[in-house]
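Notes for the one structure printed next.
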């Protein structure tokens, strides 16, 4: 990989915290991540390396930050307190700021069900363990409708509303 044209200060622009430099790619952050089993998988350690190495073009093309379900499990797991979830949010913001035409592939799923990964599908396992059923936004239709109305007011959704038409 040629790093001669990489932006050595990209980490300061995206996530101005030296905590990011403490990431040693141990993968502990993804051990409880539901999006790490997605297709493609969300691998926060790869995103951290792209930011630290200053790989702007690769990071602009990366869709996996948008598959994060915001469970913040990665924050609990990280032994170096890098705050991976905050990094993901910072990458999303940076991507959107640097490419006004970007429409994340996950945005349709986010609009339709409120999240990207199937977080409420393990009902049998939860029941066998005596755990209560997860209360996801899809079980609250009035809240999902309010969420969709809010999203429709954002430029990325309203300017691409053909993607969000009810079937």
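None of the figures in this text is laboratory data; all of them are computed from the coordinates on show. Everything quoted here is computed from the prediction, not taken from an experiment. Here the Cβ positions follow ideal geometry from the backbone for every residue, glycine too, while neighbour counts run over all protein chains shown.
Structure notes:
- One entry in [x] 137; [y] 93; [z] 129 is volume of the Cα convex hull per residue in Å³ calculated from the shown coordinates; its label is [x].
- Separation of the residue 27 and residue 57 label points, Cα + 7 Å toward Cβ, nm: 2.8 nm
- Counting only alpha carbon atoms, the long axis of helix 44-53 and the longest principal axis of the chain meet at about 30°.
- Net length gained if the chain between residue 129 and residue 156 were fully extended (0.36 nm per residue, minus Cα distance): 5.7 nm
- Put in order of Cβ neighbour count within 10 Å, fewest first, the listed residues 126, 102 become 126, 102.
- Taking Cα atoms only, the orientation of helix 141-152 departs from the longest principal axis of the chain by about 40 degrees.
- Region 1-95 shape via C-alpha gyration tensor axes, a/c threshold 1.5: prolate
- Full extension of the chain between residue 142 and residue 17 gives 41.1 nm of extra length, using 0.36 nm per residue less the Cα-Cα distance.
- By the count of neighbouring beta-carbon atoms within 10 Å, fewest first, 33, 26 end up ordered 26, 33.
- Normalised contact order of the chain, rounded percent, pairs of Cα under 8 Å and 6 or more residues apart: 20 percent
- Segments 71-79, 133-141 sorted - mean Cβ within 10 Å per residue, highest first: 71-79, 133-141
- Remark: the Cα gyration tensor places region 83-167 in the oblate category, a/c being 1.5 or greater and a/b not exceeding b/c.
- Angle between the chain longest axis and helix 84-98 axis [Cα atoms, degrees, rounded to 10]: 80 degrees
- Distance between the pseudo-spin-label points of residue 164 and residue 112 (7 Å out from Cα toward the beta carbon): 1.5 nm.
- Among 146-159, 41-54, 87-100, the order from most to least packed when residues are scored by Cβ within 10 Å on average: 41-54, 87-100, 146-159
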